[in-house]
1. Would you mind working out the magnitude of the charge dipole of segment 1-106 relative to its Cα centre, with +1 at each Lys and Arg C-beta and -1 at each Asp and Glu C-beta, to the nearest 20 Debye?
2. Set the Förster distance to 51 Å, then compute FRET efficiency between Ser121 and Thr251 from the Cβ-Cβ distance, nearest 0.05.
3. What is the helix-to-structure angle for 35-51, meaning the angle in degrees between its Cα long axis and the longest Cα principal axis of the chain, kept from 0 to 90 and rounded to the nearest 10?
4. Below 8 Å, C-alpha to C-alpha, sequence gap of six or more: please give me the relative contact order for segment 138-187 in percent.
5. Testing the spin-label approximation: label points 7 Å from Cα along Cα→Cβ at Ala244 and Asp91. State their distance in nm.
6. Summing +1 for each Lys or Arg and -1 for each Asp or Glu, what net charge is found among the other residues whose Cβ lies under 15 Å from the Cβ of Ala155?
7. Using mean Cβ contacts within 10 Å as the protection proxy, how do 229-235, 12-18 order, highest first?
8. Which entries in the list Lys102/Lys144; Lys30/Lys108; Lys30/Lys102; Lys8/Lys154; Lys30/Lys212 go over 26 Å, if you measure between the two C-alpha atoms of each?
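The values are calculated or read from the model by the stated rules, or taken from the named source; none is laboratory data. Bear in mind the structure is a predicted one, so any value in this text is a computation, not a measurement. Heads up, the Cβs are rebuilt from the backbone with ideal geometry, glycines too, and the neighbour counts pull from every protein chain shown. Protein only, heavy atoms only, side chains kept; ligands, DNA and RNA dropped before computing areas. Shrake-Rupley method; radii C 1.70, N 1.55, O 1.52, S 1.80 Å.
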Amino acid sequence: MNIVVLLKQTFDTEEKIAVKDGAISEADAKLVINPYDEYALEEALRQREQHGGEVRVVSCGGDRSEEALRTALAMGADEAIRLDIATVPGDDSFALAAALAKVIEPLKPDLLLAGLFAVDSGSGSVALQVAERLGLPHASSAVKLGIVGPDEAKASGELPPGAAAAARFAVVDRDVEGDTETVVIPLPALVTAQQGLNEPRYPSLPGIMKAKRKPLARVAAAASADEGARTTRVELFPPAPRAAGRRIAGTPGEQALELVRLLQAEGQLPQ
């Protein structure tokens, strides 16, 4: 099975993040694989162990993003591809998805995996736009994934129209607001990973040594005029410092009246 994983390097959200000159300062920032993409990578490795094949990881970023790709190779991926961020507007999901789709299309994946969303931007649309460009069905927020034949697929749930001729199907249990829904989609397809899908492995020492010899391709992609950026970041700034708290004295009734007066004075409540 040919499996491709979309991977993003993000800031460690547990570390202090500094904003300087309208951008996040990377100088002292700790960068990691986006946690949801780790679930996608681990699932790719598990599916390869079950069904055979190869796992490729694809990322868009600068030179430093190769750290994340090498980590993915150390975890067990067979090959990595870095799309040079210099040629793609990194803040625009439309242009990014267009560039990634061009890289992924010739790989002809049987299964495309990605994280549900990126923890740095909160965006989860890039993988879905890639699937749309490649004409792939998708299932999001997966907490369980199985690859089965037609007979097992029919027993697992209702097949989508026109899918009966597919050789293999993805049976996906997906998280839906605290409950679980099972969907069946024909391969090739995109599945995005939710927390709970698995527990990502740590790179082993032999894996780290092997990763140094595994192929890591660097690709420059120039988007055409109709695939250029559709959005522009105007400004990036940290939240305002939290003001010191105030203690209101008096009885509960007096405290309530004073609280209402203060909120009205600050424009938080109508007069």
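1. Working: 11 positive and 21 negative charges, 28 e Å.
In debye, rounded to 20, segment 1-106 gives about 140.
2. Details: r = 47 Å, r/R0 = 0.93.
Rounded to the nearest 0.05, the efficiency is 0.60.
3. On a 0 to 90 degree scale, this one is about 20.
4. Values: 92 pairs, mean separation 21.8, N = 50.
Here the relative contact order equals 44 percent.
5. Once both label points are built, they end up 3.6 nm from each other.
6. Details: positive: Lys154, Arg168; negative: Asp151, Glu152, Glu158, Asp173.
Result for the neighbourhood of Ala155: -2.
7. Details: 229-235: 9.9, 12-18: 11.9.
Top to bottom by mean Cβ count within 10 Å: 12-18, 229-235.
8. Values: Lys102/Lys144 29 Å; Lys30/Lys108 34 Å; Lys30/Lys102 30 Å; Lys8/Lys154 35 Å; Lys30/Lys212 21 Å.
In this structure, Lys102/Lys144; Lys30/Lys108; Lys30/Lys102; Lys8/Lys154 exceed 26 Å between Cα atoms.
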